[in-house]
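Down below is the structure, laid out as structure tokens.
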Amino acid sequence: MAVKALTNAINMDADFAKTAASVGLTTNPDSHAHSFDLNHLSKHGVIEHDASLSRDDIAFGDNHTFNPDIWKSVLGTYGDSKETNFALASEARYNRVIACKKAHEAANKEFTYGIKEAILTYGVSLCLVIDSISD
């Protein structure tokens, strides 16, 4: 179900979706389970990450619930544009990473954003752009 949802909803490559679903399984606290739910995916450092475009970082509390203020700041990157493209998606992602890094530094909190997070976050953004131009 997860692979089908990812490939249909955000045009994610099927092989990448299988990898994401496999990683998702590791978030279930029952190591014998063959499923996971959205609450499991909130486990920090597996799929959930700092610098989300729509959620706060775990260091600041709720990393699970949609945050309209964060989303508004992301949408601000797009200005009056009604469509996305690689440049805007990259700029929105970059701006969010920089804002999070500054917030963590100001609060003297650890910010985790390495190569794994960069690949994951820019990869998802890329899937969304491709999906928007393939419609």
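With N set to the number of residues, divide the alpha-carbon radius of gyration of region 50-107 by 2.2 N^0.38 Å and report two decimals.
Relative to the rule-of-thumb radius for its length, region 50-107 sits at 1.14.
For M1, M12, what's the largest-to-smallest order of accessible area, 1.4 Å probe?
In descending accessible area the options line up as M1, M12.
Using a 1.4 Å probe, how large is the accessible area of R55, given in Å² and rounded to the nearest 10?
80 Å²
With the calculation restricted to Cα positions, what are the radius of gyration and Dmax of region 20-82 in angstrom?
14.4, 48
Among D37, D80, D69, which one moves the most in a GNM of the chain with springs linking Cα atoms closer than 10 Å?
Result for the chain, Cα springs under 10 Å: D80 fluctuates most.
Which value at 222 nm does the chain reach when only helices count, each DSSP H run of 4 or more adding -39,500 (n - 2.57), with the total divided by all residues and rounded to the nearest 500 deg cm²/dmol?
Taken over the chain, the calculation gives -17000 deg cm²/dmol.
So for region 1-52, averaging the separation of alpha carbon pairs under 8 Å that are six or more residues apart and normalising by length, what relative contact order in percent results?
25 percent
How many lysine pairs does the chain hold where the Cα atoms are under 26 Å apart and the two sit 8 or more places apart or on different chains?
Close lysine pairs under the 26 Å cut-off: 18.
The values are calculated or read from the model by the stated rules, or taken from the named source; none is laboratory data. Quantities reported herein were computed from a predicted structural model and do not represent experimental measurements. Note: areas computed on protein heavy atoms with side chains; ligands, DNA, RNA excluded. Shrake-Rupley method; radii C 1.70, N 1.55, O 1.52, S 1.80 Å.
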